[in-house]
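First up is the structure itself, then whatever we jot down about it.
FYI, it's all coordinate maths here, none of it is from the lab. Please read all numbers here as calculations on a predicted model, not as lab measurements. Don't worry about glycine lacking a Cβ; one is built from the backbone with ideal geometry, like all the others, and counts go over all protein chains shown.
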Amino acid sequence: MLASYYYNYRGLRTRKVTTASAPQGSGTVIYHYDEAGHLIGESAGSGSPIRTYVWRDDVPLAQIDYVPSRRVLYFDVDQLHTPRDARDVIPSLSRDPGFLPEFTLSNV
């Protein structure tokens, strides 16, 4: 067995314990949720943060990784608020070349 998973009464995963034969080695990850059941963080068994998730209402906005170094990823979500892509820059309409029309001097 490579890992054991533990769940609370709401069916949310609360802990993952991996063995030495797992690809990432032995360790424990604790999962943290808000009152609405959104995953808001992951920490090591020692209490040090691994990852934090940022939400607005029911929409996941970003993920902040702390291990191996601090990195922020911003989510692009679909109409069901499911993350489909993660970028290290803030998604912006102006960054999408298909969104803005092309203007030339002839059509201005």
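A few points about this structure:
- Counting only strands (runs of 3 or more DSSP E) that sit completely within segment 49-93, those holding 1 or more residues that are touching a Phe, Trp or Tyr at 6+ places or on another chain (Cβ under 9 Å) and more than 20 Å from H32 (Cα to Cα) correspond to 83-87.
- Any hit, segment 36-46, residues being out of contact with any helix residue (DSSP H, G or I) (no Cβ under 6 Å at 6 or more places or on another chain), among the acidic types (D, E) and farther than 25 Å from Q79 by Cβ: yes
- Check on I40, within 21 Å of R71 (Cα to Cα), assigned to a strand (DSSP E or B) and over 13 Å from the mean Cα position of the chain (by Cα): no
- Search result, residues across segment 14-56 that are of a type in the set (D, E) and in contact (Cβ under 8 Å) with a residue 12 or more places away in the chain: D34, E42
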